[in-house]
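Encoded as structure tokens, the structure appears first; notes follow it.
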């Protein structure tokens, strides 16, 4: 319990202990190492302390063989090194049997983001990155690769985007309509460029106004109504350069194609306080939908001494439900760790039916499978977003992505949706320790079928709304509620002007009563919020003290 929580508990006469929520279920989905890598001996892999990863797949397509194939890639990079960066690729047939696999090194690349796309019946890969050869050549670049019967082969490489002397993050997206690249040149601004199919011909670079103090951009291409009402928008997210304010903007795709920033419009923003810091945000959207929909993953970290506090949210925009974005709380945990703190770096993706969102992140919090705050883990949760109700956490979906501890340089990536594919699941990439010197690291990958509840092999769990209430109302003394399920509960009480007057976190069993005193509070109106992600509880109630 941090000092603020402890002070509130002492003032209000409650001494419940804050216990981290646990990822309850092990993953049974198998995982595979980077192609040409062997655990426990043999060839040492090319992965050394990876800094970034991306993942992409297209499935059930007519591939280079002229028959049904599944295509997979994931990238990794290590400080613009000469040999430890690249793209791993894999082809399988309709039954999932391997056709061939390998990896392509991309020398001196940092922050590689890569995506598979189709154009004119052929399949390609767009890879964008920051380049630094150590001899004065620096900047943002992109490559195009093509799939043929031998695998993935270069078409054009080192295509210049910027000559920025300073590293800035870069990301890409692809849909059936075209391609988008977004990147940051520190103290200059965030730029984007797009290409509209058929053909790969990027338009002029567009410097987005007012972004000279912004960093860590991401982009997705959204087809549908709402937004600019032009039918095709870029949805973007990024941070300010102190990492305590997050923004979401849109830009009409065809304005960007012509080199114009006209229509660059703010849609959403949020901030955090004190020494809290946001992870780089990630954005995804359905490739096509009648109304405006998108989701942004939000991770906040605070490190005070050996105490790590993590918040994981998703900001979900679904005009079918509400014109106002909904904030979905997925995890709040505070714990002590003697190891180096890690950013949560949450990632997310929509499923093929556009009614669920999958969020994964990095954590040192204790889990049911790995009960330690020293080791790094990969965990995930699901969100129901069908437009018929507010987007909400799916009870029981807080599970492990991998049952093996991560490396001390953890990276995690989810594939995005692509309608031009029989996309049968989520493809993810992440780093682990390896046993082969001198690498000591390996990139791993796995696929999760859409029908599974996160990465465990059972059918999707029910998403029925859990009913609860806080009593009595009106109140004069203690407030209480019964826990609808076993897990962690965060309870916050606010005055009508938004001031937090009580906050506490407790681990409760099903049916257990939670009670706290209010003798110190003045008469008036209050708002209570009760959050328990593993039980799907995100409850708000207005209360009156006599």
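The values are calculated or read from the model by the stated rules, or taken from the named source; none is laboratory data. As the structure is a prediction and not an experimental result, all values here were calculated from the model. Here the Cβ positions follow ideal geometry from the backbone for every residue, glycine too, while neighbour counts run over all protein chains shown.
Scanning region 161-171 for residues that are in a strand (DSSP E or B) and more than 13 Å from residue 234 (Cβ to Cβ) yields 161, 162, 170.
Taking the criterion of being surrounded by fewer than 24 Cβ atoms within 10 Å (Cβ to Cβ) and in contact with a strand residue (DSSP E or B) (Cβ under 7 Å, 6 or more places away or on another chain), the residues of region 385-398 that qualify are 387, 390, 392, 394, 396.
Every residue in region 85-115 that is more than 24 Å from the chain's Cα centre (by Cα) and in a loop (DSSP other than H, G, I, E, B), please. Of everything in region 85-115, those that are more than 24 Å from the chain's Cα centre (by Cα) and in a loop (DSSP other than H, G, I, E, B) turn out to be 94, 95, 96, 97, 106, 107, 108.
Looking across region 172-191, the residues that are over 21 Å from the mean Cα position of the chain (by Cα) and not in a loop (DSSP other than H, G, I, E, B) come down to 178, 185, 189, 191. When region 62-84 is filtered for residues that are in a loop (DSSP other than H, G, I, E, B) and within 24 Å of residue 411 (Cβ to Cβ), the ones remaining, listed by number, are 78, 79, 80, 81, 82, 83, 84.
Candidates 152, 208, 239: the one that is crowded, with 20+ Cβ neighbours inside 10 Å and under 26 Å from residue 86 (Cβ atoms) is 152.
One line per residue, one yes/no per condition, for (1) at pLDDT 90 or above; (2) surrounded by fewer than 19 Cβ atoms within 10 Å (Cβ to Cβ); (3) at positive phi; (4) in contact with a helix residue (DSSP H, G or I) (Cβ under 9 Å, 6 or more places away or on another chain):
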site: 341; (1), (2), (3), (4): no, yes, no, no
site: 345; (1), (2), (3), (4): yes, no, yes, no
site: 357; (1), (2), (3), (4): yes, no, no, no
site: 362; (1), (2), (3), (4): yes, no, no, no
site: 407; (1), (2), (3), (4): no, no, no, no
site: 414; (1), (2), (3), (4): yes, no, no, no
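In the set (1) surrounded by fewer than 17 Cβ atoms within 10 Å (Cβ to Cβ); (2) touching a helix residue (DSSP H, G or I) at 6+ places or on another chain (Cβ under 6 Å); (3) outside any loop (DSSP other than H, G, I, E, B), residue 520 fails one condition alone, (3). One residue stands out among those in region 207-236 that are in a strand (DSSP E or B) and on the phi > 0 side of the Ramachandran plot: the one that is farthest from the chain's Cα centre (by Cα), which is 224. The listed residues are 194, 125, and the only one of them that is touching a residue at least 24 places away in the same chain (Cβ under 8 Å), assigned to a strand (DSSP E or B), within 24 Å of the chain's Cα centre (by Cα) and over 30 Å from residue 266 (Cα atoms) turns out to be 125. Among the residues of region 264-298, those identified as surrounded by fewer than 23 Cβ atoms within 10 Å (Cβ to Cβ) and in a strand (DSSP E or B) are 265, 266, 267, 268, 269, 270, 271, 277, 288, 289.
For residue 263, the requirement of being modelled with pLDDT of 95 or more and touching a helix residue (DSSP H, G or I) at 6+ places or on another chain (Cβ under 8 Å) is met.
On the given criteria, is residue 475 within 27 Å of residue 335 (Cα to Cα) and modelled with pLDDT of 85 or more? The answer is no for residue 475. For region 299-340, a tally of residues being within 14 Å of residue 355 (Cα to Cα) and not in a strand (DSSP E or B) returns 3.
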